[in-house]
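Beneath this line is the structure, given in structure tokens, with notes to follow.
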Amino acid sequence: MAENISITGWYAILSGSILALLMLLRLFRFCHVHFRTWLHRHLIYPILISKVTRLQAGLLLIYVSINAMVLVLFLKNTVELKQRAALVSILNMVPLFLGGRTSPLADLGNISLHTYYYWHVWVGRVAAIQSLLHAGLSLYQPTSKRDSITISGWIIAILLMIILLLSLPFIRKRLFVLYIKLHFLLVLSALVSLIWHVLTQPLSNKAAVFTAAGLWISSIFYRVLLYLRWGRNARVEESWIVNHATYMKVRFRTAIRPRPGMYFYLYFSGLPLRYKFQGFPIMGFFWRIVPGEAVTDEIHFLVQHRDSLANAATGAALRNVHLEGPYGKNYRLETYETVLLIAEGIGITGVLPYALHLAQRRHHDERFKATHTELYRDVTRKVDVLWKLECNEEEEWCHEQLTELMYLDTKKTLVSGRLFYPTNGPAKLRIPNNSAKFWKRYAGYSDKMVDENIDHYIKWNSYSPGKSVVLVCGSPHFSQRIREFIVKAPQLRVDFIEPEFTPKTRPRPSSDSVMKSRGAGQTLADLRDMPLSLLQSPHRSQNHRNVIRTTRMTQETRS
């Protein structure tokens, strides 16, 4: 009876099994606490290699095993193997055409970018290998015909070999911008050749190919609509350079409902030709707060200077910008009682939107509590922000935004912060007197001392009642250490989250070596009482901030 099941039937059965396993894993939070802790400690959180967890590696092994079983199960001869390889390859290609680095369907399904991209790469590699197996087996059946099937088949094989070669990590990272353009052209050529290849095939073979083509066209059409909606509906209101980064305020003609974790693709028309049509994914890390409103008409971006974007730092290239988005997964941190936001360096741009979002929702409830306005009623009791600065000047990126966040928390019952500076020195962050108890600054802390403080906060929050979550944005090494702290916590009741995009931190000398000559553990709490003129001296403003403003204001703003 098993031999009568078709290859598509076997693939459906085995694929359904792995999907059922994924659904069971989604329900793991309803399992017994000890089993849930075991899953976190041994499968979900530990990293096996690079950014791949043990769970992801295990699911990949199951997926590869399923494809291998489908190819060899009840196999009779090489002719049947060739047919199976072709059919399974086409079936695997269908989800690949949901999109590349950004998939609208994955975005609507609230699937994280890292998870989607991980499976996109590996499913593509498996499909390419199966297609090459099909082409290699065709060599054993020599034919004198040079019909459309033969010609298109060899074209597809060559294109897939190039795509497979370019997908190797060291090639993809070295030629990233060129890789994106080549990948698009190669996939388009492969899809056209595949349609040509199956034109004379049975309807069952055509269905999967045309489904893949329809998905890809729909994905591109969706992105074009987002580009047309917001691309020309926004302009750079103000931009300046601050500490190896460019700060931009983008004004929208139509108000947008912001959410934490959202990112846009920014297209700068002032960049060189090879980057002119390249969209740079950048997270919006702050927005203008409108009292009593859940929408805004101004999003703030912080663009770190690296590679191609270094040309945009002059300011002139930023005057014309087009946006596509917003994209991004909503982690719904308002469903957690305790939220711990940890950042390293420019990673503050990845965690600050979540603190702003939660504080804005709490402020809304406090403002309209006595009215008939619908309230959010979040369960979040406290939000702790821990920021490890790589250099003191990084404070200039968002010191005004942090102060605004403090004022937004009117009752001082929700958001608190700890900022760790590598060295002593004047600070620009103004902490209001009524927030001094909840926001602290510490200078001269070594990496080891910062790690000990973060580890203490994680262990302490693991005993908090209700659900707790740690959201980390920093270098891979920094995130890995935080992950290890969570795994080693006595009470593993803390969820671990990384934002969609993690920054590339700048290399700097180890703070442990700096500590030998500067001393350690000195607090900057006394800087709260310093006069503003001392905190913002003209000398520091010219030499460290180096602000270049390229303001484009409307006539109403000038008046």
Using the Karplus curve 6.51 cos²θ - 1.76 cosθ + 1.60 with θ = phi - 60°, work out ³J(HN,Hα) for each residue of the range 258-268 in order, rounded to whole Hz, and write x for Gly and Pro. x, 8, x, x, 6, 9, 10, 8, 9, 10, 9
Additional length obtainable on full extension of the chain from residue 111 to residue 78, 0.36 nm per residue less Cα span: 8.0 nm
Need the full-extension length gain, residue 228 to residue 456, defined as separation in residues times 0.36 nm minus the C-alpha distance. One decimal, nm. 77.3 nm
Which value, in Å² and to the nearest 10, is the accessible area of residue 222 when all protein chains are kept and the probe is 1.4 Å? 70
What figure, in Å² to the nearest 10, do you get for the accessible area of residue 449 with a 1.4 Å probe and non-protein molecules left out? 50
Under the Karplus curve 6.51 cos²θ - 1.76 cosθ + 1.60, θ = phi - 60°, whole-Hz ³J(HN,Hα) for the range 375-381, x wherever Gly or Pro sits: 9, 7, 6, 5, 8, 5, 9
With all protein chains present, calculate the accessible area of residue 407 using a 1.4 Å probe and round the result to the nearest 10 Å². 140
Taking only protein heavy atoms and a 1.4 Å probe, the highest-to-lowest accessible-area order of 412, 276 is 276, 412
In the range 123-250, if the dipole is taken from +1 on Lys/Arg beta carbons and -1 on Asp/Glu beta carbons about the Cα centre, which of 148, 203, 190 is farthest to the positive end? 190
Under 5 Å between amide H atoms, partner at least 5 residues away or on a different chain: which partners does residue 443 have, H built in plane at 1.01 Å? 421, 522, 523, 524
Determine, for each peptide in 413-420, 110-117, the mean count of other beta carbons within 10 angstrom over its residues, then list the peptides with the highest first. 413-420, 110-117
So how do 486, 217, 289 rank on accessible area, 1.4 Å probe, biggest first, that is with the largest at the start? 217, 289, 486
Starting from 0.36 nm per residue, how many nanometres of slack lie between residue 179 and residue 37 once their C-alpha separation is accounted for? 47.0 nm
Rounded to the nearest 0.05, what FRET efficiency do residue 64 and residue 257 have when you use their Cβ-Cβ distance and R0 = 45 Å? 0.60
Order of exposure, largest accessible area first, which applies to 477, 399 with probe 1.4 Å: 477, 399
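The values are calculated or read from the model by the stated rules, or taken from the named source; none is laboratory data. In this text the structure is predicted, and so the values were computed from the model without any measurement. Here Cβ is always computed from backbone atoms with ideal geometry, including for glycine, and neighbour counts include all displayed protein chains. Heads up: the accessible areas ignore ligands, DNA and RNA and are worked out on the full protein's heavy atoms, side chains in. Shrake-Rupley method; radii C 1.70, N 1.55, O 1.52, S 1.80 Å.
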